[in-house]
Structures are given as C-alpha cells and as structure tokens.
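The block underneath contains the structure these notes are about, expressed in structure tokens.
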C-alpha cells in the first residue's frame, strides 16, 4: 500500500472517531440545552400568559367592583324603580371600559338577571346594540341561584375562546348578599367577556410555534381539552394556575421537538462530516507536504539511482529524519558506488597489473567489433618467451614483478607521444604471461609495426627489472579487423595463431596473421588430428647410415621415422615431430619407434654386423616420464636384447631443465646399457656448462653448425668439437653434404659423420641391398673418406 | 344658585340684571350632551344643582321619578298656548326650535333640502360632516331618510336606521356637537354640513365678518324641540329659584334673552317686543307648514331608550375606534418618516 493511502487509512478513522465522539457528546449536550431552552420558553410563555390573564383578572375585579358601586346600577336594580332607572348605567359602563387602555377585549357583556331567571338588564359593549342575552348566561345564573353560589368567577371555554364570567348575587334592597334562603328579591349581576388578548396569544403560539394548550380543571383534575398522549405530554410542558380551579398547560408536541432535534442532528452531522473532511484533508495535506512527499521524493531518488550513478543530488542539511535518511542513503550510495567501482575493477582488471582481464578484454573486443564494424582494429597478441624460466629460477614474486614492470612499460609505450592513438586502446593481461593490445581505429600496418617493434625493444638486451636482467623476450601475433576476421573470437584466435607462428619462427618477434599462416596452422591441425589417431601403420622406419670418420665404414644407423598419410602424403618429421612433442604424444611414439627398431634389429645386425650401433631419437620429455623406463625395459625383455649397441638420442632443444628425475632417468638408461646422445647440439639451447652434468656419451653436432662451416670460418665448430672431445664425449657431425665439410670434420677429430654426402636415409630393404652391394663391390666408390 | 345649562344659553345681561335686582348670585355649570346632563342629575352630583335646562321629554321623565319641584301656575300665563303644557307643571318653557342642517354657504349653491344630503352625502361632502350623540336626535335623520317615524319603538325600524348610520359613519368627521367642537378643534373649517338645533348657526356665525353658515330644515320634516327650566326637588334654594324663573318669564327679560341667545321664545308678550327682523327669520321662527311637518319628542320606554343609547354608543364607539386606528397609523407613518 502506498504511504499516502496508508496515511488516509490511518488518519481518517482516528479523526472520524474523535470527531464523532465529540459531536455525539456535543449533540447530547445541545439536546439537553435545547430541551432546557424549550422548557424555559414554555415557562416564559406560561408566565406571559399568566400575566396576560392576571391583567384581565385584575381588570375584572376592578371593573366588577366599580360596577357594584355604581349608583346608576343601584337605581337599576332597585325594586319598583322609576323610569329614570338605567339612566347613565351604560354611560358609566362604557366610560369605564373606554378609558381602559391596558386590556384588549372586543365585547363586554353585563347582565342582570333576577331570581326568576328573567334578564333585567343586558348590555353588550362594543358589539351589536341589538344583541340579546346569551341563554347560557341564563342557565348559569339559574344554576348559581339553585346552588346558592353568590360569588362566582370562572373561565369558560368555547371553541378555543376563553371567556371570563364574574358574577355576584345581591339582594335588591340591601345590595348585599342575600342572607336568607329566600332569594326572590335577589338579582345576579354578571360580567362576561372574552379574554381577547389571551385568546389571540394562544392562537398565535399555537399556529406559529406549534404549541398546544390544555385546560385542567383541578377540581376533577381532568383536562378540559383532551390531553395529548402521555409520553408527549410529559415531555415539555408548563402549567400555570389561572384560578384555583383552572390550570393552563402549555406544551410542545414531542413530534415538533423531535423534528427540531432531528434538524439539529443533521446540522451537526453535516458539520461533523465537513470538519472531519476538512481536518483530514488539512492534516493529510500537511503530512503529505512535510512527510510523505519528501519520503516519496526520496523513494523516487532511490529508485532512479543506479550503482554507477554519480549524479545523485546531494541532500539538504535539514535537521529532520528524512533529510537524515537521505543523507544516510547518500553516504551509503557513495560507499556502494565506490565498492561497485572496486568490484567492477576487480571483475574487469587483473589485480596484478591493473590491466583489463581476459573477460573484460573479451567484452571490449566484442563491443568494439560490433560498434566499429568498418573501422580498422588491430589486435596485438603477446606471449612472453621463456617466462617460465624466470618463475622457475627466480621465484614467482620476481615473475610478478617482471609482469608488473612489463605492464607498466607497455602502457607507457602505448601512451608515448609518437604512438598516440586518439581513438583509444585497450591493454589486457589475458593469462600468466599473455598480453594483448587492441588499437581502436588502427593505424596503417607501418604504425602497427612501430608499436610491435617498440614492444620488442623492451626485451632487446634481456628484460631489466629491479636492477636485474632477465633472459626473456616476447612473441607478438597481430590480427586486424576486419581483414583478419569478422568476430572478436576469430580475431583473437587469429592473433593467437600469428603469435604462435612468431614463437614457431624463433620467438622474440612479431608476426602478422596471414592466410598462409592460417593454412600452415591448418596443416598443423590436420597433422595433429592424424597423429592423434595413432595409426602407426602409416609410419615406417628409415635408417641413415653413420660412418666412421676415419675409415668411412658404416658403423651404425640412425633410425628415422617416415610418415605417409593418405591425405597429407609424406609428412616430414620436422613438421610432425614438434607436434608429437607439444601434444604429449611423444611417449607412445617413442616406444613405438623403439619397438619397431628392435623388431628390425636382427635384420640390421645381419646386414651391418652385430656391432653396428643403432641410434633412436627419443623426446627429451620422456626423461620426465615415470613410466617410460619401465616400458622400455619390457620392450628390451620382449626382444631379448642383450647387446648394448642402442644409442638413445635426446634433442638438445629440450627445454627441460636438468631435474632430478631427468638425471635419474638418464642414469637408469645408462645402467640399462643404453648409450645417450645429445642431438642437434649447437642450436643454442644448451649451455655448455650443462654438458658437464649430463651423463652423455655422444654429442651430435647440428647440421646448422656444419652448414655454416666454410673453409675460412670453422674455428668455432672445431673448438666445440675439441671441447667435447676433451670432455670425453664421442662427437658425431650431422648433415655433411660436401667433401670439404667431411674433410674439415675429420681433421677436427670427429668420431662419426652422417649426411647426404655419404648416405641418405633408406629403408631396411635398401640398406640390406646396399650392404650386399658393399660386400660385393668392396666398399663404396669415392664416398669413403679414406 | 347653581344652574346646569348649555353654553351660551343664557344672556349675560339677564344674569347680571337678576343678580342686581335680587341680590342672589348665579353660578352656571355647562353641559353639552343631554344624556350627560341626565346622568349628572341622576347621580349624587345632581344634588349640587338648583336649576337645570331640560328638554320637555326629560322633564317628563324626571317628573315621573319626582325629581322636579312643581312650579306656580302663574308662571305659565306668558307662555304660548301650544307650549304651555309641554313641560308639564314642573318645567317652564324656555326656548323652542327645530332640528336641521347647518351648511356652509360657500360649499352649497342652494340649501340642502333633504336629510339624504347628510345621510347619503355627495362625494365632495364626505368626510366633512358633523353629527351629534343624542339618542333621539342622532337617529332622526336616518329614520327620516328611511321615511320612518322619529319616535318609533319598532326594533326593525331602529335596526334599519342603525345600519344607515353605520354606512354614513365613514363620511362623518366628528360626532361631537358642532358648537362645542367649533371652539376647540383645529379642523373645524373642514366641516361643511352639520346636524344642529335651530339657532346654532348663529353661534357658528359669531365673530365671522359675513355669515358663513346657513340653516335648513329638510323637507322630510324635522322635530320640534322645547327646552324647559326646571327646579330640582333636591334644591335648597327653591324660593330663589322660583324668583329666577319669574324674572326670566318677564316679557322684557325674555325678549332680551331671546335677542341675545337667538332661538325662538315661547313667551308671547316678549315676542311683541322683538324686532320684526328677528321674527321674520324663518330659521328661528319657521312657517306654520314647517311646524306642522315637524314632530314633537315623546317619552319612550326605558327599553327603547336603552336600545337607542346602545345604538349611539355602537356608532360613536366604532367611529372612535376608527379614529384611534387612524391616529395610530398616522403616528406610525410619522415615525417612519
């Protein structure tokens, strides 16, 4: 639920309950006050009516007594009165009535009735001069005579008109109350008139205010008018005693009261509702303004804020909770953004060098390729050569220092002024000693070469770091977009290929990716695939005779593997042996070769004699193997090999340092009766000092050294041969193709020579044929050194 | 002696002459309504008076109740035969006259000849009428207009007359006797037509440079009134009173009194002493035809008297009420202004 709705739901019921409670109480109070007020009004009206009545009553008494004192009247009632009787009576009556200013009446009746109930005199003031006496009056006087009521005053009601009747019965002679029971000489003087003002007032109150009136005769305690139902009757009424007998009750009918109360209730309810609404709206408005809106604003800010959003508005310094919350969030966000930055960096960069890591590099590449499309992009894929050497010999800390230093310098190079690429670049450390540079909108090939050479330049005299110089170099593969690939993946892979080729080409160089390179790579792949099938039936063994330098006699053969693949045709060992070695196939191949040669061994012995030495190439890697020696022993057993004329040739290029295991393996081989030869010596991989430690019998000088040897420039080879000889090694020279070379080598004291000048490698059959021929032709013509 | 008299009804010269001749002093108390006089005399206050002026009907009434002192026969020798017994033996005929209309000479081209001019007035006369409150005289114009007898005791006749009076009421400016009203009222000039006794026109014309009022006796006939001097039985100065009556009855005094006061005198020898101009004034001494056409007042039954006085009260009170209402309205209007 939204905060604003919740505010409504929270506040409205509370306000409504409170207000309703207040208004209910107020209503009860008002109701009571209203009833009190109504009662007061009734009382007031009652006293008003009473005072009205009192004025009439007062007047009645005054006028009636003056009437009784009136001499004209006395004349009138005197028995046997003369014609003058009645003279001035009406005048007197009229004057008295005319002068009255206080009392309002329409008509006043004065009647004198004798004991025979005969009207002696009748006078109607203010009315019709021809009016006659009311028969009711006669009836009343008859009753009064009968009951001997001489003084009478009462109120009479007729159709809501109240009249007062006042009478006195007097003796005509004495003008006093009759004393005896004989009333013959008595007359009743009666005054009667309507209480006009009272009647008018009653009528007014009844029509305009809705009051009802009842007359209660206290003698029989019965109301003259039928009273309204008890419940209403009891509610609001006031009574006033007009005469000892008559009470006037004035009441407001309950229905009227209820109507007023209902009106009051409705009025108050409406005001309550309005107040509730007003208060709620006001309160909620204020709450919204000062509380929920700031919260919502904060919420909006929070919702829109993302981790990398640096533009989060700085909160105000107000001293309220929301500002505080805002500040707290701001701080939190700042921290979060910072830690996001850190983790982003961690995710994207290499912790050691602070360069991009592989993942980031990959995404950069992808983004770049997708984004740029046509813009040329250059990718330089680098791998430090022989870095393992540093790690192995100087420890990983040093290795790390070197990597860091290299990264640093790499950055400097890319940033150096003359190489500035305004369009940007990415540098990444992909793994271990692998690095990559991407140049956005790559310059011309010349420019790229400049970068590559600058990088190579870092390793020109070894890599110096922390005042040390490390013998490492770098190989760089370069691929360009879109020329060399349409996708990042392709580009990376092709750069990798180029780099690999650079390595293949002897490291410490850069190599542009090319289609030929790709084809070569393709072939390597095909070779690898074929090799992995290990279909040894495609392989066959050739043997290259090795001749004794002195005699020129064949003293041994070097077993060389030949491979004829259905698809690839003849594949040279130079092509596939490195693959065998790098792809870990060497042990199987070596064992197969050994087994194969051992199978040929009886034939070889038959052809060349039992002393013939058989050289078999093994991968230097097998010297690290734990199983090779055992398997070799099994082969030896199987072939019942007793003679120890087997030479195992280990290529000098092996990068294996002289580990304990290698040394142990070499010693084991020697103990098992094998002779060990260091192959390809002179290609520069083996330090001379290492030779001292190796339990080597024979050193084979590499063809490259022999090739370089001319008549003028052979000192180095001769010195080397001398050195080896002095160390007690047999020396064999390889790749001799000219007589001149053979002469020099022979002169240098080389023990054995092999090369095309003498014999090419040949099949066992050809070898057998050769030896048969040799036996018949008594040695070769001209080839013999001798 | 105390005389209860109408205003201007005794010549001051006569009064002075009597006092000079006899040494008695005369004190005159005035009344202006017959019934007022009757009431005074009937009441205890009646005992304060020695001599009173009364119409001949009242004389009969008072005589019946023994309130009047019988007069010596010799007093009547000078009285016209036709009037001699009109006051009985307790009243000395004093003046006689008719009831008629006083009209403003400048408002009427010719004298009004009918009671209708009073009872059913022309529009321009409405609101300019003065009436009286005497129970007989007030009813007379109405009864005459309706062709009814003046002294009727028939209730229906009286009812018709009452209704006519009620109808006339709105045209009446005042019911006060014009002679009294003329002395005091500010709007006296608004009265164009009034019910008066013959001779009243002279009072009205007093002080006017030229006669303003005329007197007319309607053709329907009028009443003949006769005022008498009476000595109250309760008087303590009866001999002096008789002396006064005798003095008044002397022809020279009667002639002087008639000349000063104005109405017709019933004193035969006195008339011989009067100017021909006075005697020839038909308003005072109407021709025989008019006299024949006129009715004398009768003594009515107490019931009729009572009824008539109630009618008068009803008419005048209603007028009074209307007047009050008008006053209230005027006051209210004044307040609002």
If you go through region A:130-137 one residue at a time, do you hit one that is at pLDDT 80 or above and within 8 Å of another protein chain (Cβ to nearest Cβ)? yes
I want to confirm something. Restricting to region A:695-714 and keeping residues that are modelled with pLDDT under 80 and buried (at least 19 other Cβ atoms within 10 Å of the Cβ), which single residue is farthest from the chain's Cα centre (by Cα)? A:714
Report, by residue number, each residue of region A:69-108 that is surrounded by fewer than 19 Cβ atoms within 10 Å (Cβ to Cβ), within 9 Å of another protein chain (Cβ to nearest Cβ) and at pLDDT below 65. A:81, A:82, A:83
Residue ID - nearest to the other protein chains (Cβ to nearest Cβ), chosen from residues in region B:179-196 that are buried (at least 17 other Cβ atoms within 10 Å of the Cβ) and in a helix (DSSP H, G or I): B:181
All positions within region A:481-503 that are surrounded by fewer than 22 Cβ atoms within 10 Å (Cβ to Cβ) and touching a residue at least 60 places away in the same chain (Cβ under 8 Å): A:482, A:483, A:486, A:487, A:496, A:503
Residue count, region A:548-587 (criterion: in a loop (DSSP other than H, G, I, E, B) and more than 22 Å from residue A:624 (Cα to Cα)): 9
Answer yes or no: is there a residue in region A:162-175 that is surrounded by 15 or more Cβ atoms within 10 Å (Cβ to Cβ) and free of Cβ contacts under 8 Å to residues at least 24 places away in the same chain. yes
Boolean, residue A:153 is in contact (Cβ under 8 Å) with a residue 40 or more places away in the chain, within 14 Å of another protein chain (Cβ to nearest Cβ) and more than 24 Å from residue B:43 (Cα to Cα): no
Matching residues, region B:290-304, being under 25 Å from residue B:218 (Cβ atoms) and in contact (Cβ under 8 Å) with a residue 40 or more places away in the chain: B:290, B:291, B:293, B:294, B:295, B:296, B:297, B:298, B:299, B:300, B:304
Taking the conditions exactly as written (without any contact (Cβ under 8 Å) to a residue 40 or more places away in the chain and within 30 Å of residue A:381 (Cα to Cα)), does residue A:353 satisfy them or not? no
Any pair with Cβ under 8 angstrom, 6 or more apart, that starts in region B:27-40 at a residue that is more than 11 Å from chain A (Cβ to nearest Cβ) and ends at one that is surrounded by fewer than 19 Cβ atoms within 10 Å (Cβ to Cβ) and not in a helix (DSSP H, G or I): B:27/B:2; B:28/B:2; B:29/B:2; B:30/B:7; B:32/B:7
Residue B:67 - would you say it is within 14 Å of another protein chain (Cβ to nearest Cβ) and touching a residue at least 60 places away in the same chain (Cβ under 8 Å)? yes
Set B:46, B:23: member being within 14 Å of chain A (Cβ to nearest Cβ), over 20 Å from the mean Cα position of the chain (by Cα) and farther than 24 Å from residue B:194 by Cα: B:46
Condition test on residue B:176, is it assigned to a loop (DSSP other than H, G, I, E, B) and away from chain A (no Cβ under 14 Å)? yes
How many residues does region B:26-43 hold that are over 17 Å from the mean Cα position of the chain (by Cα) and buried (at least 22 other Cβ atoms within 10 Å of the Cβ)? 2
Mind checking which residues of region A:432-443 are modelled with pLDDT of 80 or more and on the phi < 0 side of the Ramachandran plot? A:433, A:434, A:435, A:436, A:437, A:438, A:439, A:440
Restricting to region A:715-741, name every residue that is buried (at least 22 other Cβ atoms within 10 Å of the Cβ) and out of contact with any strand residue (DSSP E or B) (no Cβ under 6 Å at 6 or more places or on another chain). A:741
Among (1) loosely packed, with under 14 Cβ neighbours inside 10 Å; (2) assigned to a loop (DSSP other than H, G, I, E, B); (3) modelled with pLDDT under 90, where does residue B:135 come up short? (1)
Surrounded by fewer than 14 Cβ atoms within 10 Å (Cβ to Cβ), outside any helix (DSSP H, G or I) and either in contact with a strand residue (DSSP E or B) (Cβ under 8 Å, 6 or more places away or on another chain) or modelled with pLDDT under 80 (or both) - does that describe any residue in region A:320-336? yes
Subset tally (residues that are under 22 Å from residue B:7 (Cβ atoms) and free of Cβ contacts under 8 Å to residues at least 40 places away in the same chain) for region B:235-258: 1
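The values are calculated or read from the model by the stated rules, or taken from the named source; none is laboratory data. Everything numeric here is computed off the predicted structure, so don't read it as measured data. Here Cβ is always computed from backbone atoms with ideal geometry, including for glycine, and neighbour counts include all displayed protein chains.
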